[in-house]
1. Let me know the mean shielding of A:59-69 by other chains, meaning the per-residue number of their Cβ atoms within 10 Å of its Cβ.
2. So if I take the centroid of the Cα atoms in the range A:1-18 and the same for the range B:154-187, what is the distance between those two points in Å?
3. With each run of n ≥ 4 DSSP H residues scored as -39500 (n - 2.57), what mean residue ellipticity at 222 nm is computed for the protein assembly as shown after dividing by its residue count and rounding to the nearest 500 deg cm²/dmol?
4. May I ask you to derive the FRET efficiency for B:Thr443 and B:Asp557 from their Cβ-Cβ distance with R0 = 60 Å, giving the value to the nearest 0.05?
5. For the pair B:Asp411/B:His429, report the inter-label distance in nm, with labels modelled 7 Å from Cα in the Cβ direction.
6. At what distance in angstrom do the alpha carbon centres of the range B:669-689 and the range C:145-174 lie from each other?
7. Counting partner chain Cβ atoms within 10 Å of every residue's Cβ in C:182-193, what's the average?
8. Straight-line reach from B:Lys15: which lysines fall under 16 Å, measuring Cα to Cα and dropping same-chain residues less than 8 apart?
Amino acid sequence: MAKMQLRLTVNGEAAELLVEPRELLVYVLRERLGLTGPHVGCDTSHCGACTVDMDGRSVKSCTVFAAQADGADVTTIEGLGAPGGLSVLQQAFREHHGLQCGFCTPGMITRAHRFLQENPNPSEEEVRFGMAGNLCRCTGYQNIVKAIMAAAAELNAVREAAE
Amino acid sequence: MNEMAPISREERVEKLKGLGCSRKRVEDVRFTQGKGNYVDDLKLPGMLHGDFVRSPYAHARVKSVDKSAALALPGVVAVLTAEDLAPLNLHWMPTLAGDKQMVLADGKVLFQGQEVAFVVASDRYVAADAVDLVVVDYEELPVVTDPFKALQPDAPVLREDLQGRTSGAHGDRRHHNHIFLWEAGDKAATDEVIASADVVAEEMVYYHRTHPCPLETCGCVASMDTVNGKLTVHGTFQAPHVVRTVASLLSGIEEHKIRVISPDIGGGFGNKVGVYPGYVCSIVASIVTGRPVKWIEDRMENLTATAFARDYWMKGKIAATKDGRITGLSCHVTADHGAFDACADPSKFPAGFFHICTGSYDIPVAHVGVDGVYTNKAPGGVAYRCSFRVTEAAYFIERMIEVLAIELGMDAAELRAKNFIRKEQFPYHSALGWEYDSGDYHTAWDKALKAVGYADLRKEQAERVEAFRRGETRKLIGIGLTHFTEIVGAGPVKNCDILGMGMFDSCEIRIHPTGSAVARLGTISQGQGHATTFAQILASEIGLPADSITVEEGDTDTAPYGLGTYGSRSTPVAGAATAMAGRKIRAKAQMIAAYLLEVHDGDLEWDVDRFVVKGAPERFKTMKEIAFASYNQAIPGVEPGLEAVSYYDPPNMTYPFGAYVCVMEIDVDTGVHEIRQFYALDDCGTRINPMVIEGQVHGGLTEALAIAMGQEIAYDEIGNVKTGTLMDFFLPTAWETPHYTTDFTETPSPHHPIGAKGVGESPNVGGVPAFSNAVHDAFRPFGLRQSHMPHDHWRIWKIARDLGLHG
Amino acid sequence: MIPAAFEYHRPTDLQAALATLQEFGDEARVIAGGHSLVPMMKLRMATIGHLVDLRAIADLKGIRIDGAAVRIGAMVTQQELIADAALARAAPILRETALQIADPQVRAVGTIGGNVANGDPGNDMPALMQCLDASFSLVGPNGSRAVKAREFYEAAYVTAREDDEILVAIDFAAPGGGYAYEKQKRKIGDYATAAAAVTIRKDGTACSAASVAMTNLSDVPVWSKAAGDALVGSACGPADVGRAVAAALADIAPTADNRGPAEFKRHAAGVVIRRAIERAWSRA
Ligand SMILES: Cc1cc2nc3c(=O)[nH]c(=O)nc-3n(C[C@H](O)[C@H](O)[C@H](O)COP(=O)(O)OP(=O)(O)OC[C@H]3O[C@@H](n4cnc5c(N)ncnc54)[C@H](O)[C@@H]3O)c2cc1C
Ligand code: FES
Ligand code: FES
């Protein structure tokens, strides 16, 4: 089958590569661009470990063909850090023990990042609903919810201070 | 000479970040940035990808395998079948349970998803295409998925390779599908007590088949360096040294020429203890092709072919006096092991530690018998976030207690309290042969009941039942109680081994001249946070800050031999080894300090991070100073350097325990339930890092929730797996998961160097009966005694229907 | 899980898309959000030679509300449905339903067109569309036609749409009155064990119009005319609701799966339908 020229913006940088249309976005990111943050946990769009941000939406990159992503602006966990360290969310996950084996964490934080833009002031229940596309086998979610609530509070405080 | 600005003792303690503090995890800095290093992240030059052709049938003869079309596909490098492995004698491999297992189908297949051929290709896309091109001719055979039917005289013969063999690794086989009968306790005495008891409750308790399903599946990258003759295998291994030994025994490559590396592991929960055909095939393929070969299973393969857990049919009898004193317990288990006996238990315990099933109770006589049976299901039988078969045991006894309470017309909390082993009875010898090291069950129990307001809950429940009877509500309340005792930390080498390797563990410490250190262990973290907590143990032992101690695990070239991480053994065994190695360091440090301070060893005492001359607190040497001195001073009678190794053979297991209460609301019409409250009190002895303990409890409880309320590996009549994706295999999201309240008591283990017992698996062991008992308890007023898990909507609905609650 | 190879096409207008479908016939299939199709392809349950991606066709996007008339482009995602304030005012049942579909990531890409065209009895939108008496605009080589949602579904994965037709938009009249979409499922991310869409209008104290449709209780979505009829003219008291539920249950044929046996689903359906009616009535 014919290969195609794929153009992407990934974490702010333009990338151009020759792919088969059927290649999965998650493997393009992991194996061709070396961004191994997004993980594959289920292959069937249930676990969210492969979550990336694509054109301003959270998507499961295991269920997106490379071809479908042509022209997209993609952000992975690798693009979400703060200069020289952890972002507020990343720091909150560490502070509140929102991870154990770490396998779900990149997808979890990438989703949380988008979720807090959709809803900057969530209740605990809204966090649980908004994060329901991401499975974690280790933490029982309690500390993840806590971390996201804490990050929201901190981001809001920073925002208010700036205003 | 000494530190410029002296700081207080408290500040010095705090600076260490040692035992008991909620130190933030060092691992998290890279994990939160997506910089973990999991096996599928590895990319080696020239690496090939392996993929399996798997059987669509549960039982069939393999008449032929035609690989020509696959081999003709550009990019395909090899297709391996049993025929190719046979000359190397690798078409079968030994299991950890004394059985053997096909690596690739040898003449027949015995479960759906069994490995038939291994395709090796340039990338994962070509490999997947080639799998479709391998043509296998099957002849279907009769299937048996029910262990009771498997033992009927006319049942199909599953293991033709064992035909005529009347005994196996664990004694006699009485039927062609029988594996072993394993017994503990005194049968005659137990039968007698039961026969003459005031009250006997009898019940079949089924703990269904499920799966550990860590978020990362299993996989490996095998890389044979043909120039140097060295094999390196990266993989998802909970026991890397054991894998090295097995790889050496199987391949004939000398053990020093094999390096096994467990990188970061995305959860294990028992799934990653065993040795799977994928590992063997990747190694062979790498040897054959001279190129690295990667194999990563997908989720469906993971759920259908590797490492199921449980599947125990437990028939119990519990005897008691009229006033509720338990006098005896018997249990017969029919254990469905699937097509091969690949349980990951210590060799001498084919039913694991199931005989901890007298639980937290002082039961004078008991007997258990476990029959292992072959069926057309996947092999496994792993300890899914529990010590070997301990979850089954805890579920069994906690259900039997509830059933006995019904029989006696007694409150189940009161019945438990009446029969707990009392504090003064420890160390306690159980009727089934264990020596419980320590416990204080009544204190924990009272604390738990008080915390949840038990009496008020019962009152509310009774009122709800009345309202239900009056037709005012369709919701019932269930109060699920559990008091469990775990047995972890396998284990004493005198009776615990895996493939002949004693179940000790190890730690090697090297202190650098400037006062930092590296500690290497034989265990491997899969999220438990060893890099954080083991450094804390060591910080307290040797007085160097945890932040200056690197913990390394998982590389057999550098780490000392250890049996790995599962069965909550890391803290009890490797944690002890760490403390003991630390003590060796300190002993040597004391000699150095004595020399430097020109006093006798005995004139010094240890104080947080330094040796101080007794009675002269201004004269001391810090560990940091001692470390430097050990490398730059010639000290008479003392070798230079500061290093130690400890191999720790635990004198006994440890026995963590806990008291859990679950309050559940159940809609009798839809079977939909809501967890209103969950209280978990854990006693894991000395608490190394409360934050990590709490996280372990949340996670274990959520796995318990999943198992009790919906998670199963289900088969249809002809052996098709019905729950092969995460659509049907229940893993709760944040939405279905309740908020947990955690609590603790602290009863240190008397025989462990720091008194720690381990906690990772308690919440699963105790959580499952707590959730299940809540469901049962809701329907107890209407006459329910026993209903099998998982309690998903339709099964709860069925309970209500069978009790006539739908009108 | 790796799909078989295919050729990819991304036409920028409808005519080009239709032409590609014509050219490759059986071999070709359109893809919208891909969240039903891609998993099927990865499991190799569907093998497709040519994928025609609809994402670049501007005509398939957008929500238009003109008085009571609502037109939703096929490529509108569930997330866009949920976020559209005007739609939430005109027909809030769409938002209520969409929020019960899958999870946030799936809703971010899954489209309403894909959901109704897919033909999977587990999809939630088809029953809702039947409840609303929506019609589907299809465009094919021979021009366009409209098919009523109530006449669109023939069997599981078999619909009135011809292989060379593209669904461009969905039209319906905002129902007004009370509404509810009630769904029982095992967890977020699961399809319905039983679900029901109900709209009710009230005139004084009596029900003046009612519509009841159900998801995943037969091999196609089921609109129960009899259930609606049972409510019209009544005050939706317990006995009236009971009659409507009985009528609805007479129209379904659930089958056993991992969610439970047919008998259970029938019982759960009864509860779900009753709740949907009661909730819709309370909002009417
Ligand atoms: C984990 C998970 C959970 C889910 N849970 C639910 C749920 O609870 N309820 C629910 O309703 N759905 C659920 N879905 C399905 C999801 O909503 C899908 O996105 C939706 O069914 C299809 O929309 P799509 O845009 O992704 O369509 P696609 O997958 O792109 O297409 C689906 C089918 O429709 C055809 N098609 C698509 N668009 C058109 C068009 N314009 N004209 C003609 N044919 C077209 C395609 O050829 C294909 O055959 C779930 C999916 C996942 C992955
Ligand atoms: S791997 Fe993509 S959702 Fe699980
Ligand atoms: S931390 Fe292990 S899966 Fe979430």
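The values are calculated or read from the model by the stated rules, or taken from the named source; none is laboratory data. Computed from a predicted structure; not experimentally measured. Quick reminder, even Gly has a Cβ in these numbers, built from the backbone with ideal geometry, and neighbours come from all protein chains shown. In case anyone asks, the SASA skips ligands and DNA or RNA and just uses the protein heavy atoms, side chains included. Shrake-Rupley method; radii C 1.70, N 1.55, O 1.52, S 1.80 Å.
1. On the way: counts 8, 7, 1, 4, 13, 5, 11, 1, 8, 10, 0.
Mean shielding count: 6.
2. The range A:1-18 and the range B:154-187 have Cα centres spaced 59 Å from each other.
3. Details: 36 runs with 376 residues, N = 1254.
The helix contribution divided over the protein assembly as shown gives -9000 deg cm²/dmol.
4. Details: r = 47 Å, r/R0 = 0.79.
So, using R0 = 60 Å, E works out to roughly 0.80.
5. Those two pseudo-labels are separated by 3.5 nm.
6. Each part reduced to its Cα centre gives a spacing of 49 Å.
7. Working: counts 0, 0, 5, 2, 11, 15, 11, 13, 6, 1, 0, 6.
Average neighbour count from other chains, rounded to a whole number: 6.
8. The qualifying lysines are B:Lys24, B:Lys624.
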